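Colleague: This is the structure I want to talk about, given as structure tokens.
The values are calculated or read from the model by the stated rules, or taken from the named source; none is laboratory data. Being a predicted model, the structure only gives us computed values, none of them experimental. With ideal geometry, Cβ positions are generated from the backbone for all residues, glycine too; neighbour counts draw on all protein chains shown.
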Amino acid sequence: MTARFSFAIHATDGRARTGTITMKRGEIRTPAFMPVGTAATVKAMKPGDVRASGADIILGNTYHLMLRPGAERVDRLGGLHGFMGWDRPILTDSGGYQVMSLAELTKRSEDGVAFKSHLDGTRHLLSPERSIEIQRLLGSNIVMAFDELVPTTSTREVQASAMERSMRWAKRSRDAFDAGGQHAEDNAIFGIQQGALDEGFRKSSADALIDIGFDGYAIGGLAVGEGQEAMFGCLDFAPGQLPVEKPRYLMGVGKPTDIVGAVERGVDMFDCVLPTRSGRTGQAFTRQGPINIRNARFAEDQGPLDPACGCPVCGTWSRAYLHHLVRAGEILGAMLMTEHNIWFYQQMMADLRAAIGEGRLTAFADDFRSRYAAGQ
Ligand SMILES: [Zn+2]
């Protein structure tokens, strides 16, 4: 019988690791990139095509799904997996980040967050207990603890008190998770380290989470505008404060070079809207840096988006055709650009895993960065 959740590290290279998370719905090879399926869809892609790109797991957003179509409705329809036609692991966020960035907050207290929907103004409450309940109703396999976020520009006092509240909410999230509910044998829970860019806050947060005990640990509150250098500065100490034997997930990151640098610093899991969102606006990621396919210089370019890419788009269609589709506002343009970008990210993760396994990560990363910067 497959264990509920396990993580095996196969090789390390410096601080980087490659391994496998095993869950009942399948294995997740790490370092892993999770395409974002905000509203029960990885936008512009069918689940089979997401899987074909090499994705082992996708992410769903609690905030969006609780508002539309509603967690109870998804549950009545058999859960997110059957509803959207994806049978492998799904991670859901707690809703904390999005409620605080998208909704109109009406009350913020120790109990939770009261807010008005950005869709229709209806009133809702999100608390640690309700967040876990929603994630369970959705059928999530990796449930995230509910946390409180404040801007990185906040004072130290505000940052410290948000981190401390997040740790109290982490305990309430864990207790709600342990109280059972649906799909209890099929899911795991991750805690989220907070503390902005402060090493001491991060250490206190890590220690509080470890005391509670989680299946994996996320690093939250980064990639919110602090810049790559500051983020890497934090990642020079934050992953090492978390248990070595558990997966570490850097939330909401990021650009290709962010991911390469974070893998070098010991991060195992990532999610970001960048490959899908960029695909819909005409930006393609390539090994020579990102390109904007709308640019006139591609109008008669018969080459593929990226000559080194193994995706079905690069194997079939030219830059000139994609340029035409995107300029003409054709739906297929968004679909093909997204598919290529998701493949680009998954190929990058596979290359990182192979490089770690063969002990040549530094050479791979340096080569990746120099090629990527050369085309920009
Ligand atoms: Zn491609």
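Colleague: Output the number of the condition that PHE285 fails; it satisfies all remaining conditions of (1) modelled with pLDDT of 95 or more; (2) more than 16 Å from the ligand (Cβ to nearest atom); (3) not acidic (Asp, Glu).
Modeller: The failed condition is (2).
Colleague: With a cut-off of at least 3 residues that are closer than 30 Å to ARG369 by Cβ and touching a Cys at 6+ places or on another chain (Cβ under 7 Å), name the helices (runs of 4 or more DSSP H) lying wholly within the range 164-281.
Modeller: Per the criteria, no element qualifies.
Colleague: With the range 1-115 as the region, which strands (runs of 3 or more DSSP E) entirely inside it contain at least 3 residues that are more than 17 Å from the chain's Cα centre (by Cα)? Lay out the reasoning, then the answer.
Modeller: On the way: elements: 5-13, 16-23, 26-30, 32-35, 58-60, 90-92, 104-108.
Hits in the range 1-115: 5-13, 16-23, 104-108.
Colleague: Can you find, within the range 306-327, the residue that is farthest from the ligand (Cβ to nearest atom) among those that are part of a helix (DSSP H, G or I) and out of contact with any Leu (no Cβ under 7 Å at 6 or more places or on another chain)? Steps first, please.
Modeller: Filtering the range 306-327 for residues part of a helix (DSSP H, G or I) gives 319-327.
Remaining after also requiring out of contact with any Leu (no Cβ under 7 Å at 6 or more places or on another chain): 320-321, 323-324, 326-327.
Working: ALA320: 15, TYR321: 13, HIS323: 15, HIS324: 17, VAL326: 15, ARG327: 19 Å.
The selected residue is ARG327.
Colleague: From the list SER154, SER173, SER166, exactly one residue is in the same structural domain as GLY191 (by TED's automatic domain parsing), out of contact with any Ser or Thr (no Cβ under 6 Å at 6 or more places or on another chain) and surrounded by fewer than 23 Cβ atoms within 10 Å (Cβ to Cβ). Which is it? First the steps, then the outcome.
Modeller: Working: SER173 fails: surrounded by fewer than 23 Cβ atoms within 10 Å (Cβ to Cβ); SER166 fails: surrounded by fewer than 23 Cβ atoms within 10 Å (Cβ to Cβ).
Exactly one residue qualifies, and that residue is SER154.
Colleague: What is the residue count in the range 329-354 for residues that are within 10 Å of the ligand (Cβ to nearest atom) and either without any contact (Cβ under 8 Å) to a residue 24 or more places away in the chain or more than 21 Å from the chain's Cα centre (by Cα) (or both)? Let's see the steps before the verdict.
Modeller: First pass over the range 329-354, keeping only residues within 10 Å of the ligand (Cβ to nearest atom): 336-337, 339-344, 347.
Then drop every residue that is not either without any contact (Cβ under 8 Å) to a residue 24 or more places away in the chain or more than 21 Å from the chain's Cα centre (by Cα) (or both), which leaves 336.
Summing the residues that are within 10 Å of the ligand (Cβ to nearest atom) and either without any contact (Cβ under 8 Å) to a residue 24 or more places away in the chain or more than 21 Å from the chain's Cα centre (by Cα) (or both) in the range 329-354 gives 1.
Colleague: Could you check how many residues of the range 306-319 are touching a His at 6+ places or on another chain (Cβ under 8 Å) and free of Cβ contacts under 8 Å to residues at least 40 places away in the same chain? Walk me through it before giving the result.
Modeller: So the first thing to find is which residues in the range 306-319 are touching a His at 6+ places or on another chain (Cβ under 8 Å), and the list is 306, 309, 311, 313-314.
Narrowing further to those that are free of Cβ contacts under 8 Å to residues at least 40 places away in the same chain: 306, 309, 313-314.
Counting residues in the range 306-319 that are touching a His at 6+ places or on another chain (Cβ under 8 Å) and free of Cβ contacts under 8 Å to residues at least 40 places away in the same chain gives 4.
Colleague: Do you know which of the residues in the range 216-241 that are within 16 Å of the chain's Cα centre (by Cα) and small (Gly, Ala, Ser) is surrounded by the fewest Cβ atoms within 10 Å (Cβ to Cβ)?
Modeller: ALA223
Colleague: Now for a different question. Among the residues of the range 24-44, what is the count of those that are more than 14 Å from MET269 (Cα to Cα) and surrounded by fewer than 24 Cβ atoms within 10 Å (Cβ to Cβ)?
Modeller: To start, the set of residues in the range 24-44 that are more than 14 Å from MET269 (Cα to Cα) comprises 24-26, 37-44.
Restricting the remaining residues to those that are surrounded by fewer than 24 Cβ atoms within 10 Å (Cβ to Cβ) gives 24-26, 38-41, 43-44.
Looking only at that region, the number is 9.
One line per residue, one yes/no per condition, for (1) crowded, with 22+ Cβ neighbours inside 10 Å; (2) in contact (Cβ under 8 Å) with a residue 12 or more places away in the chain:
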site	(1), (2)
GLY289	no, yes
ASN292	no, no
PRO304	no, yes
TYR321	no, no
ARG327	no, yes
ILE356	yes, yes
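Colleague: Condition test on GLY82, is it on the phi > 0 side of the Ramachandran plot and assigned by TED's automatic domain parsing to the domain that holds PHE190? Break it down into steps so the answer makes sense when it comes.
Modeller: Working: on the phi > 0 side of the Ramachandran plot: no; assigned by TED's automatic domain parsing to the domain that holds PHE190: yes.
Judged against the criteria, GLY82 is not a match.
Colleague: Which members of the range 195-209 meet the condition of being within 23 Å of the chain's Cα centre (by Cα) and among the polar types (S, T, N, Q)?
Modeller: If the condition is that a residue be within 23 Å of the chain's Cα centre (by Cα) and among the polar types (S, T, N, Q), then SER205 is the only one that fits.
Colleague: Between PRO304, PRO275, which is within 17 Å of the chain's Cα centre (by Cα) and not basic (Lys, Arg)?
Modeller: Working: PRO304 fails: within 17 Å of the chain's Cα centre (by Cα).
Selected residue: PRO275, the only one of PRO304, PRO275 that is within 17 Å of the chain's Cα centre (by Cα) and not basic (Lys, Arg).
Colleague: VAL244 passes all but one of (1) among the aliphatic types (A, V, I, L, M); (2) in contact with a helix residue (DSSP H, G or I) (Cβ under 8 Å, 6 or more places away or on another chain); (3) surrounded by fewer than 22 Cβ atoms within 10 Å (Cβ to Cβ); which number fails?
Modeller: VAL244 satisfies every listed condition except (2).
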